[in-house]
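S.K.: The structure is given below, and queries will be raised subsequently.
The values are calculated or read from the model by the stated rules, or taken from the named source; none is laboratory data. Every value quoted in this text rests on a predicted model; they were computed, and no experiment measured them. Glycine gets a Cβ as well: all are built from the backbone with ideal geometry, and neighbour counts include every protein chain shown. SASA here: full protein model, heavy atoms, side chains in, ligands and nucleic acids out. Shrake-Rupley method; radii C 1.70, N 1.55, O 1.52, S 1.80 Å.
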Amino acid sequence: QGTRDHPPAQTALRDRLLSAVVSCFKRHGAAAIDTPVLELRETLMGKYGEDTKLIYELQDQGGELLALRYDLTVPFARYLAMNKVTNMKRYHVAKVYRRDNPATTRGRYREFYQCDFDIAGQFDPMIPDAECLKIVHEILSDLQLGDFVIKVNDRRILNGVFAVCGVPENKFIPACSTVDKLDKVPWEEVRSEMVGEKGLSPEAADRIGEYVQLHGGLELIERLLQDPKLSQNKLAKEGLGDMKLLFEYLTLFGITGKISFDLSLARGLDYYTGVIFEAVLLHQENEHVEEPVSVGSVAGGGRYDGLVGMFDPKGRKVPCVGVSIGIERIFSILEQRLKASGEKLRTTETQVLVATPQKHLLPARLKLISELWDAGIKAEMLYKKDPKLLKQLQYCEDTGIPLAAIVGEQELADGVVKLRDVATREEVRM
């Protein structure tokens with residue numbers, strides 16, 4: 001349950017999608033790494049907030065308690081700490097595992113791909129963060145998935161909001177994961193969960209509501225910097241100062257049109273320490289809708305400055321910021337689009353089929369195809385001694401092979417090959 005086989009057409013589509021994402025990561029100067037699919041159980045525990053229960057734990061193996069990796073961020077932090085790396089820009093494309101209730105129609109699986117890009121190292125504020133947002137913008141524009149918005153917030157601003165609204169510090173993280181649901185459920189439900197399940201006072205919940213329903217751009221940042229309560233809070237002030245700087249850089253990148261500073265964005269993971277962001281696809285149900293409807297998150301990330309230190313015996317910190325592209329969601333959308341268009345996707349890259357029009361010419365085919373393979377040309381032939389020419393040409397049409405190299409008795413006598421363009425049926429002797 002929650003896993004799937006990919007037939008050739010799906011695999012070809014996924015490869016096309018992954019190569020578009022990876023080429024963007026490479027354009028930004030990232031190197032690839034790989035880590036084991038297994039991690040020590042203690043490496044993963046306590047890093048994912050309420051989602052820790054979704055980790056796949058394995059039976060004790062010779063004294064080691066292991067688990068399957070839940071994402072690519074925690075293994076990356078462990079890798080940096082173990083290898084004493086303090087500076088790195090990396091990407092990683094690999095499968096991760098979650099013991100979730102699968103909802104395959106919405107692209108939720110127990111085994112799925114993640115594509116991560118991260119910048120680790122001590123740099124001037126918000127420059128790497130701005131680049132991560134630029135990458136999300138490039139990838140979503142490049143894939144032409146339709147309209148999207150990238151929501152941005154900062155954990156420090158959120159914690160500042162909780163503090164000035166009278167939430168005790170030990171309730172920040174539970175309050176965070178409740179606020180994170182605002183994109184799916186109305187404020188009334190979020191408020192009752194805060195009061196009912198998370199034990200916040202109704203007054204605190206109402207005060208939080210005044211802030212977390214705000215979204216906008218630079219003008220909102222400026223307004224909050226003047227806010228009598230928030231501006232008194234050290235954390236919130238730092239976060240807002242950085243947010244202002246971030247928006248200045250995003251303006252220079254020319255992408256603020258798709259960016260929304262959104263105070264309800266919380267992202268449920270425990271390890272974020274600063275800027276957090278999430279990209280959401282929008283689709284118009286019809287032309288008269290004022291507010292576009294969201295399809296769901298297709299990318300997310302943020303700054304996690306404390307994670308590497310958790311794995312370092314001396315607690316040495318390496319600041320990091322990164323983004324993960326939700327490849328499965330995007331894949332589901334592209335798949336549906338391909339189905340609707342009726343376009344046939346080629347599953348092989350064969351350039352030429354070696355064909356013969358008469359009987360007893362298998363040796364000629366084998367000799368020619370061998371020469372083509374040795375020359376680096378992608379070639380195929382039918383595995384029959386004496387196939388009919390029509391059948392061979394039909395195979396080209398079915399699989400999208402553009403050329404047929406035909407060697408008959410006449411061609412052999414003349415020392416030539418007849419090259420046929422399958423689509424136009426034109427032939428040339430070479």
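S.K.: Which residue is farthest from A355 (Cα to Cα), if the candidates are limited to the stretch 407-424 and must be crowded, with 17+ Cβ neighbours inside 10 Å and among the charged types (D, E, K, R)?
M.R.: Per the criteria, the residue is E411.
S.K.: Could you please find all residues in the stretch 23-32 being surrounded by fewer than 18 Cβ atoms within 10 Å (Cβ to Cβ) and either more than 22 Å from I139 (Cα to Cα) or of a type in the set (A, V, I, L, M, F, W, C) (or both)? It would help to see each step written out before you state the result.
M.R.: First, pick out the residues of the stretch 23-32 that are surrounded by fewer than 18 Cβ atoms within 10 Å (Cβ to Cβ): 23, 26-29, 31-32.
Within the stretch 23-32, A31, A32 qualify.
S.K.: Right, here's the next one. Which members of the stretch 128-155 meet the condition of being open to solvent by less than 20 Å² (accessible area, probe 1.4 Å) and acidic (D, E)?
M.R.: Scanning the stretch 128-155 gives D129, D154.
S.K.: Take the stretch 399-418 and flag every residue that is within 17 Å of S370 (Cα to Cα) and either part of a helix (DSSP H, G or I) or in contact with a Gly (Cβ under 6 Å, 6 or more places away or on another chain) (or both).
M.R.: Across the stretch 399-418, the qualifying residue is only L412.
S.K.: Between a first residue in the stretch 210-235 that is in the same structural domain as R191 (by the TED database) and a second residue that is open to solvent by 100 Å² or more (accessible area, probe 1.4 Å), which pairs have beta carbons less than 9 Å apart while being 6 or more apart in sequence or on different chains?
M.R.: Final answer for the pair search is L214/R223; G216/R223; L225/K237; L230/K237; S231/K237.
S.K.: Where residues in the stretch 338-360 are part of a helix (DSSP H, G or I) and hydrophobic (A, V, I, L, M, F, W, C), which of them is least open to solvent (accessible area, probe 1.4 Å)? Reasoning before the result, please.
M.R.: Kept after step one, since they are part of a helix (DSSP H, G or I), are these residues of the stretch 338-360: 338-341.
From what's left, hydrophobic (A, V, I, L, M, F, W, C): 338, 340.
On the way: L338: 35, A340: 91 Å².
Within the stretch 338-360, the match that is least open to solvent (accessible area, probe 1.4 Å) is L338.
S.K.: Related question: Between residues in the stretch 173-194 that are assigned by the TED database to the domain that holds I276 and residues that are acidic (D, E) and part of a helix (DSSP H, G or I), which pairs lie under 7 Å by C-beta distance while being six or more apart or on different chains?
M.R.: S177/E50; T178/E193
S.K.: So which residues in the stretch 14-39 are in contact with a Phe, Trp or Tyr (Cβ under 7 Å, 6 or more places away or on another chain) and under 17 Å from E111 (Cα atoms), if there are any at all?
M.R.: R14, T35
S.K.: Give the residue that is nearest to V318 (Cα to Cα), with candidates limited to residues of the stretch 45-90 that are open to solvent by less than 70 Å² (accessible area, probe 1.4 Å) and of a type in the set (S, T, N, Q).
M.R.: T73
S.K.: Please go through the stretch 361-388 and pick out each residue that is more than 18 Å from L412 (Cβ to Cβ) and open to solvent by 50 Å² or more (accessible area, probe 1.4 Å).
M.R.: The answer is W373, D374, A375, G376, I377, K378, Y383, K384, K388.
S.K.: Pairs please, first residue from the stretch 56-78 and touching a residue at least 12 places away in the same chain (Cβ under 8 Å) and of a type in the set (D, E), second anywhere and in a loop (DSSP other than H, G, I, E, B) and open to solvent by 20 Å² or more (accessible area, probe 1.4 Å), Cβ atoms under 8 Å, 6+ apart in sequence or on different chains.
M.R.: Matching pairs, first to second residue: E57/L65.
S.K.: Look through the stretch 362-401, keep the residues that are within 35 Å of the chain's Cα centre (by Cα) and among the small types (G, A, S), and return whichever of them is nearest to Q351 (Cα to Cα).
M.R.: A379
S.K.: Something else: Just name the residue that is most open to solvent (accessible area, probe 1.4 Å) out of those in the stretch 292-337 that are hydroxyl-bearing (S, T, Y) and over 11 Å from the mean Cα position of the chain (by Cα).
M.R.: In the first step, residues of the stretch 292-337 are kept if they are hydroxyl-bearing (S, T, Y); the result is 294, 297, 304, 324, 332.
Cutting the leftovers down to over 11 Å from the mean Cα position of the chain (by Cα) gives us 294, 304, 332.
Numbers: S294: 65, Y304: 3, S332: 18 Å².
In this case the residue turns out to be S294.
S.K.: Right, something else. Can you report the number of residues in the stretch 1-22 which are open to solvent by 60 Å² or more (accessible area, probe 1.4 Å) and in contact (Cβ under 8 Å) with a residue 24 or more places away in the chain?
M.R.: So the first thing to find is which residues in the stretch 1-22 are open to solvent by 60 Å² or more (accessible area, probe 1.4 Å), and the list is 1, 3-5, 7-8, 15-16, 19.
If we keep only those that are in contact (Cβ under 8 Å) with a residue 24 or more places away in the chain too, we end up with 1, 3-4, 8.
Residues flagged as open to solvent by 60 Å² or more (accessible area, probe 1.4 Å) and in contact (Cβ under 8 Å) with a residue 24 or more places away in the chain within the stretch 1-22 amount to 4.
S.K.: Only one of these is within 30 Å of V93 (Cβ to Cβ), touching a residue at least 24 places away in the same chain (Cβ under 8 Å) and not aliphatic (A, V, I, L, M): E409, E335, E343. Name it.
M.R.: Matching residue, one of E409, E335, E343: E335.
S.K.: Has the stretch 140-157 got at least one residue that is touching a Cys at 6+ places or on another chain (Cβ under 8 Å), touching a residue at least 12 places away in the same chain (Cβ under 8 Å) and in a strand (DSSP E or B)?
M.R.: No, because not a single residue in the stretch 140-157 is touching a Cys at 6+ places or on another chain (Cβ under 8 Å), touching a residue at least 12 places away in the same chain (Cβ under 8 Å) and in a strand (DSSP E or B).
S.K.: Now for a different question. Give the number of residues within the stretch 310-337 that are under 30 Å from T43 (Cβ atoms) and assigned to a helix (DSSP H, G or I). Working first, answer last.
M.R.: Going residue by residue through the stretch 310-337, those that are under 30 Å from T43 (Cβ atoms) are 310-331.
From what is left, the residues that are assigned to a helix (DSSP H, G or I) are 310-311, 327-331.
Count: 7.
S.K.: Step by step: first the residues of the stretch 33-44, then only those that are over 17 Å from the mean Cα position of the chain (by Cα) and in contact (Cβ under 8 Å) with a residue 60 or more places away in the chain, then the one that is most open to solvent (accessible area, probe 1.4 Å). Which residue is that? Outline the logic, then answer.
M.R.: So in the stretch 33-44, the residues over 17 Å from the mean Cα position of the chain (by Cα) come out as 35-44.
In the following step, the residues that additionally are in contact (Cβ under 8 Å) with a residue 60 or more places away in the chain were identified as 37, 43.
On the way: V37: 55, T43: 13 Å².
Selected residue: V37.
S.K.: Out of (1) over 14 Å from L353 (Cβ atoms); (2) in a helix (DSSP H, G or I), the odd one out for D386 is which?
M.R.: In the conditions (1) over 14 Å from L353 (Cβ atoms); (2) in a helix (DSSP H, G or I), D386 misses (2) alone.
S.K.: Of the numbered conditions (1) in contact (Cβ under 8 Å) with a residue 12 or more places away in the chain; (2) part of a loop (DSSP other than H, G, I, E, B), A163 fails exactly one; give the number of that condition.
M.R.: (2)
S.K.: Separate question: Just a yes or no: is a residue in the stretch 109-123 open to solvent by 10 Å² or more (accessible area, probe 1.4 Å) and either without any contact (Cβ under 8 Å) to a residue 60 or more places away in the chain or not assigned by the TED database to the domain that holds F25 (or both)?
M.R.: Applying the first criterion (open to solvent by 10 Å² or more (accessible area, probe 1.4 Å)) to the stretch 109-123 yields 109-114, 119, 122-123.
Next cut, either without any contact (Cβ under 8 Å) to a residue 60 or more places away in the chain or not assigned by the TED database to the domain that holds F25 (or both) only: none.
Checked against the condition, which is being open to solvent by 10 Å² or more (accessible area, probe 1.4 Å) and either without any contact (Cβ under 8 Å) to a residue 60 or more places away in the chain or not assigned by the TED database to the domain that holds F25 (or both), the stretch 109-123 yields no hits at all.
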